[in-house]
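Engineer: The structure that follows is given in the form of structure tokens.
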Amino acid sequence: MDVLYVNLKRSHSNDMIPASRIDQAYDNIKEVVIRTPLMRNYNLSKKYQCNIFLKREDMQVVRSFKIRGAYNKMKMMHPDTLAKGVTCASAGNHAQGVAFACSALKTHGIIYMPTTTPNQKITKVKHFGGEWVEIRLVGDTFDVANKVAHRFSDDEDIPYIHPFNDEDVMAGQGTVAKEILDDIDVPLDFLLVAVGGGGLISGAGSYFRQKSPGTKIIAVEAEGAPALAEANKVGHVVHLDKIDSFADGIAVQMVGDKTFEICKEVVDKLVLVPEGKICSSILYLYNDEAIVVEPAGAISFAALDYIKDQIMGKNVMIIVCGGNNDITRTEEIRERALLWEGRKHYFIVRFPQRSGALNDFLSLLGPDDDIAHFEYTKKTNRDSGPALVGLEFKRKEDFQPLVDRMIENNINFEHLNNNPMLFEMLV
């Protein structure tokens, strides 16, 4: 598998969040935050020949860990400051946490979200915030919404609740680690944490470094939004010009400067996972484990295949960080999974304009090959007409034999999967 699996350039600047501060955060939030289940997963443990435990933050009141940091931040604010109201920017989960906190603490919130945010998350923000929040959709990415929210905060002198680059927020997220270490009855060898801006891994990693220093901490990042990986290359945070926003909960163009310094202290390894692999993991978790997760919640499961040799026989903890998946994305998820697995391929096939030409093509397909897409318009003044054909294979190994048969039978075709311009235009 082609994957980046590297050491972070370690720092010893002592920027970690003190464990005592995380303990205090836990006292602040325990009345409103669910102490989510910690469970050993039988099937995954058997598959990877180790003990895999899941911290089920997808079962949190807002279906992600984000309520922890948002509520702690607002709880730590002076009442006069909180009375002004708050603002934030979020791709969804942080917005839900802030909305819930606004309703619980009876303060108004202006929440900026990218226009690309799934409707399911927007609806949930409205549900949790009720009359206490106003949603403003702006920009195509979190970073654009973030800039607008910052400008609004400065202009109106309203406190800004950062989704990750804030020590009170990190301390709140670190309470996940406190619960893990309080509830687990075996020493943990590995902790896998999804990374976007770095708030969760900074808080949880800080607590583990102080309370369970023998645990290796693995940061897991989406290949299409490698903000931490790129920062690691050059030794400082960088702004990515273009990202894949599919894993919206962790798709940021730049990690926080504070979180990056902490990551250099606490993270042992970094794994970059392709978005297609994330999609395959979402489908596996739904079909085989009855667990509904969003892309950010699935990414640590997706990373297991890349570190399976290291974790064999070990105790492994995965923070299932979010379950806010929009059902309308199911077809997109399935499509991206099939493409990544090599089981779906698209072709332009130029059929001769004669009877039987289509049947000649169909006779080349294997017994398990399925035509999933077919578009054809007859051109009466031409000798041949192009068709867009999508084929789904039961096994990826069936693809090349079909290509060989098409070549042998002089089928005029072009494979689109490796032609990004045509693929994005036609599929």
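The values are calculated or read from the model by the stated rules, or taken from the named source; none is laboratory data. This one's a predicted model, so the numbers in the text were calculated from it and none came from an experiment. Here the Cβ positions follow ideal geometry from the backbone for every residue, glycine too, while neighbour counts run over all protein chains shown.
Engineer: Looking at (1) under 20 Å from the mean Cα position of the chain (by Cα); (2) in the same structural domain as residue 17 (by TED's automatic domain parsing); (3) not small (Gly, Ala, Ser), which one does residue 144 not meet, given that it meets all the others?
Structural biologist: (2)
Engineer: Now, a different point. Check every one of the helices (runs of 4 or more DSSP H) wholly within the stretch 37-155 and list those with 1 or more residues that are farther than 19 Å from residue 318 by Cα.
Structural biologist: Details: elements: 42-48, 66-75, 79-82, 93-105, 119-129.
Of the helices (runs of 4 or more DSSP H) lying wholly inside the stretch 37-155, those with at least 1 residues that are farther than 19 Å from residue 318 by Cα span 66-75, 79-82, 93-105, 119-129.
Engineer: Restricting the search to the stretch 294-332, which residues are assigned to a helix (DSSP H, G or I), buried (at least 24 other Cβ atoms within 10 Å of the Cβ) and among the β-branched types (Val, Ile, Thr)?
Structural biologist: The one that is assigned to a helix (DSSP H, G or I), buried (at least 24 other Cβ atoms within 10 Å of the Cβ) and among the β-branched types (Val, Ile, Thr): 299.
Engineer: Looking at this structure, is residue 407 without any contact (Cβ under 8 Å) to a residue 24 or more places away in the chain and over 30 Å from residue 118 (Cα atoms)?
Structural biologist: Taking the combined requirement at face value, the residue satisfies it.
Engineer: Please work out if residue 24 is part of a helix (DSSP H, G or I), within 24 Å of residue 319 (Cα to Cα) and in the same structural domain as residue 240 (by TED's automatic domain parsing). Talk me through it step by step, then tell me what you get.
Structural biologist: On the way: part of a helix (DSSP H, G or I): yes; within 24 Å of residue 319 (Cα to Cα): yes; in the same structural domain as residue 240 (by TED's automatic domain parsing): yes.
It is true that residue 24 is part of a helix (DSSP H, G or I), within 24 Å of residue 319 (Cα to Cα) and in the same structural domain as residue 240 (by TED's automatic domain parsing).
Engineer: Take the residues in the stretch 349-390 that are exposed (fewer than 13 other Cβ atoms within 10 Å of the Cβ) and β-branched (Val, Ile, Thr), then tell me which one is modelled with the lowest pLDDT.
Structural biologist: Residue satisfying both the conditions and the ranking: 380.
Engineer: Quick one: which of 85, 92 is of a type in the set (Gly, Ala, Ser) and modelled with pLDDT of 95 or more?
Structural biologist: 85
Engineer: Of all residues in the stretch 100-153, count the ones that are modelled with pLDDT under 95 and among the aromatic types (Phe, Trp, Tyr).
Structural biologist: 1
Engineer: Sticking with this one: Among the residues in the stretch 278-293, are any assigned to a helix (DSSP H, G or I) and small (Gly, Ala, Ser)?
Structural biologist: yes
Engineer: Conditions: (1) β-branched (Val, Ile, Thr); (2) under 13 Å from the mean Cα position of the chain (by Cα); (3) surrounded by fewer than 24 Cβ atoms within 10 Å (Cβ to Cβ). Residue 291 meets all but one. Number of the miss?
Structural biologist: Condition not satisfied by residue 291: (2).
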